[in-house]
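Heads up, the thing below is written out as structure tokens.
The values are calculated or read from the model by the stated rules, or taken from the named source; none is laboratory data. If you're wondering where the values come from, they're calculated on a predicted model, not measured in any experiment. So basically every Cβ, Gly included, is an ideal-geometry build from the backbone, and we count neighbours across all protein chains shown.
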Amino acid sequence: MGHIETLYGTIPEELFNKLSKIRLLACDVDGVFSDGQIIMGNQGEELKAFHALDGYGIKAIQQIGIQVAVITGRSSQIVEQRMSSLGVKHIIQGCEDKQTALTTLCESLSLEKSETASVGDDMPDLGMFECSEVAFSVDNGHPFVKQQADYVTRRLGGAGAVREICDLLLQSRSELNVIHGSSV
């Protein structure tokens, strides 16, 4: 098999074909949607920074029928607010066993492994990789996680990595044109 030219360079044609069948993207949050920093204020408040590029990509893939889930070990009102504002319906927080969470979600949505992709940056995310046809790591992920991934983003977590994945999913369906006009 050959390679396909994408917005982010060439990828194997086999991987590109797998992307075209994905119906659910499961994402970790810290280190994927954010740069991994957890900023705590004096009053115990927690702050996270999210990149607008990622939000726009999440909205675009949902427009073409790809569902999005976030599965994170931490619990945060900030995550709930941000993901809800993007239309993400499956928000699973405070989850230690991400493999079971993703398996249960896929069963409830009647999705097969071949229709599931996941993205993570650290060891707790490897369980999601087991349930996914395509496993993504962000470029600033742990080296072992990057070795287990089918694709390592060129963009960093918190700096457009999720958008890169969304663009690849859109491009695999010839749907890059859906990226237009909504705010994130």
With respect to T104, is the statement that it is touching a residue at least 40 places away in the same chain (Cβ under 8 Å) and either over 17 Å from the mean Cα position of the chain (by Cα) or farther than 22 Å from L156 by Cβ (or both) true?
no
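Starting from residues that are of a type in the set (K, R) and within 16 Å of G31 (Cα to Cα), keep the ones in segment 42-82 and report whichever is surrounded by the fewest Cβ atoms within 10 Å (Cβ to Cβ).
Initial filter on segment 42-82 (of a type in the set (K, R)): 48, 59, 74, 82.
From the residues that got through so far, the ones that are within 16 Å of G31 (Cα to Cα) too are 48, 74, 82.
Details: K48: 19, R74: 15, R82: 22.
Checking each candidate, the answer is R74.
Got a sec? Which of L111, L105, L126 is in a loop (DSSP other than H, G, I, E, B), in contact with a strand residue (DSSP E or B) (Cβ under 8 Å, 6 or more places away or on another chain) and modelled with pLDDT of 95 or more? Even if it seems obvious, please write down each step before you answer.
Values: L105 fails: in a loop (DSSP other than H, G, I, E, B); L126 fails: in a loop (DSSP other than H, G, I, E, B).
Selected residue: L111, the only one of L111, L105, L126 that is in a loop (DSSP other than H, G, I, E, B), in contact with a strand residue (DSSP E or B) (Cβ under 8 Å, 6 or more places away or on another chain) and modelled with pLDDT of 95 or more.
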Within segment 106-124, the residues that are buried (at least 16 other Cβ atoms within 10 Å of the Cβ) and over 24 Å from N17 (Cβ atoms) are D121, D122, P124
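Look through L15, L24, L86 and report the one residue that is in contact with a Lys or Arg (Cβ under 7 Å, 6 or more places away or on another chain) and either surrounded by 18 or more Cβ atoms within 10 Å (Cβ to Cβ) or modelled with pLDDT of 95 or more (or both).
It is L86.
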### Message
Looking at the structure I just gave you, is D97 farther than 18 Å from L19 by Cβ, in contact with a His (Cβ under 9 Å, 6 or more places away or on another chain) and surrounded by fewer than 24 Cβ atoms within 10 Å (Cβ to Cβ)?
### Response
no
